[in-house]
Amino acid sequence: MAAARKVIVTCACTGAIHTPSMSPHLPITPDEIIADAIGAAEAGAAILHLHARNPETGKPDQTPKAFGRFLPQLKQRTNAAINITTGGSPYMKVEERVLPAAHFKPEVASLNMGSINFGLYHLLDRYKDFKFEWERQHLEATRDLVFRNSFKDIEYILETCYGNGTRFEFECYDIAHLYNLKHFLDRGLVKPPLFVQSVFGILGGIGTHPEDIIHMKRTADRLFGDQYRWSVLGAGASQLRVAAMAASMGANVRVGLEDSLWLGPGELAPSSAAQVRKARQILEGMGLELATPDEARDMLALKGADQVDF
């Protein structure tokens, strides 16, 4: 009997999209981020994708000092591979966004593969009362926000981090981003196996229709053949539906409170671990198995936790 396919589950614990008033379960402080990440790893996440926040206001904080408040503890308490964002917040310049990954030299760092309109302002129709004034401003300002990831920006992150042995979670919000990644592969600036994270459901990027998911997979197959490992995330209510459909097509999956605050219709997720457990139930019900952190390292050719600087 053939062995079950191994699926890498990445968990993104806090991000820079959701604001503190949207859910009491969104981790903000270092201790909350540690607890959420450890719970997700224990539930089966092989990779932890991490942002940092100001513990007083919940505002995204991309300083190495902010990441230093939780990275060493996570390394001590879990074998999961650590993935540090270089996306930061769409309002930040690339020089600020890359600092934590350059400083801590993680096994994995995220890398956005193109500029997009990044709309969150429609969430103001759902959320009316905010604890902090910056939250409303953060959402409203996205009416006129382009999340800049130019070719120069991408080159800067690659040049800054590749010498550290860090590999990348290439975040592709649209079909054009796959072609951008192919451009860098052809230039020899990125090397396989490519870890391609297809992002579905952000206003300004590709949608969540089954045809969108098929189109993304078909295009990646044509461009990269056997040189990539595919993963998907669905934003908001589409999270688990996208995960289930793409997993049936061979994908790895990403969940977590960065991508969705929900566990089910009208039900806030109490933790990222709850979403990991839900995804695990779906995957195992399909006859798949979750990859361990070390299996994920082998699949993605990661350098190992002993080679990071935290």
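The values are calculated or read from the model by the stated rules, or taken from the named source; none is laboratory data. All values derive from a computational prediction rather than experimental measurement. Here the Cβ is made from the backbone with ideal geometry for all residues, glycine too, and neighbour counts use every protein chain on show.
Residue pairs whose Cβ atoms lie under 6 Å apart, separated by 6 or more positions or on different chains, with the first residue in region 16-43 and free of Cβ contacts under 8 Å to residues at least 24 places away in the same chain and the second surrounded by fewer than 19 Cβ atoms within 10 Å (Cβ to Cβ) and not in a helix (DSSP H, G or I), do not occur.
Of the residues making up region 226-256, those that are part of a loop (DSSP other than H, G, I, E, B) and of a type in the set (A, V, I, L, M, F, W, C) are 235, 249, 251. Screening 116, 84 for residues that are modelled with pLDDT of 95 or more, in contact with a strand residue (DSSP E or B) (Cβ under 6 Å, 6 or more places away or on another chain), surrounded by 19 or more Cβ atoms within 10 Å (Cβ to Cβ) and over 22 Å from residue 261 (Cα atoms) leaves exactly one candidate, 116. Of the set (1) in contact with a helix residue (DSSP H, G or I) (Cβ under 6 Å, 6 or more places away or on another chain); (2) farther than 28 Å from residue 177 by Cα; (3) of a type outside the set (S, T, N, Q); (4) surrounded by fewer than 19 Cβ atoms within 10 Å (Cβ to Cβ), all apply to residue 132 but (1). Can you find a residue that is touching a Lys or Arg at 6+ places or on another chain (Cβ under 7 Å) and touching a residue at least 60 places away in the same chain (Cβ under 8 Å) anywhere in region 278-288? Yes, the conditions are met somewhere in region 278-288.
Those residues that are free of Cβ contacts under 8 Å to residues at least 60 places away in the same chain and either part of a helix (DSSP H, G or I) or within 20 Å of residue 303 (Cβ to Cβ) (or both), I need them from region 143-169; list them, please. If the condition is that a residue be free of Cβ contacts under 8 Å to residues at least 60 places away in the same chain and either part of a helix (DSSP H, G or I) or within 20 Å of residue 303 (Cβ to Cβ) (or both), then 143, 144, 151, 152, 153, 154, 155, 158, 159, 162, 163 are the ones that fit.
Of the residues 181, 223, which single one is outside any strand (DSSP E or B), within 25 Å of residue 90 (Cβ to Cβ) and either at pLDDT 95 or above or not charged (D, E, K, R) (or both)? Steps first, please.
Values: 223 fails: within 25 Å of residue 90 (Cβ to Cβ).
Every option except 181 fails the conditions.
Condition first: touching a strand residue (DSSP E or B) at 6+ places or on another chain (Cβ under 6 Å) and crowded, with 24+ Cβ neighbours inside 10 Å. Now tell me which residues in region 31-45 satisfy that.
Of region 31-45, the ones touching a strand residue (DSSP E or B) at 6+ places or on another chain (Cβ under 6 Å) are 37, 40, 44-45.
Those that are touching a strand residue (DSSP E or B) at 6+ places or on another chain (Cβ under 6 Å) and crowded, with 24+ Cβ neighbours inside 10 Å: 37, 40, 45.
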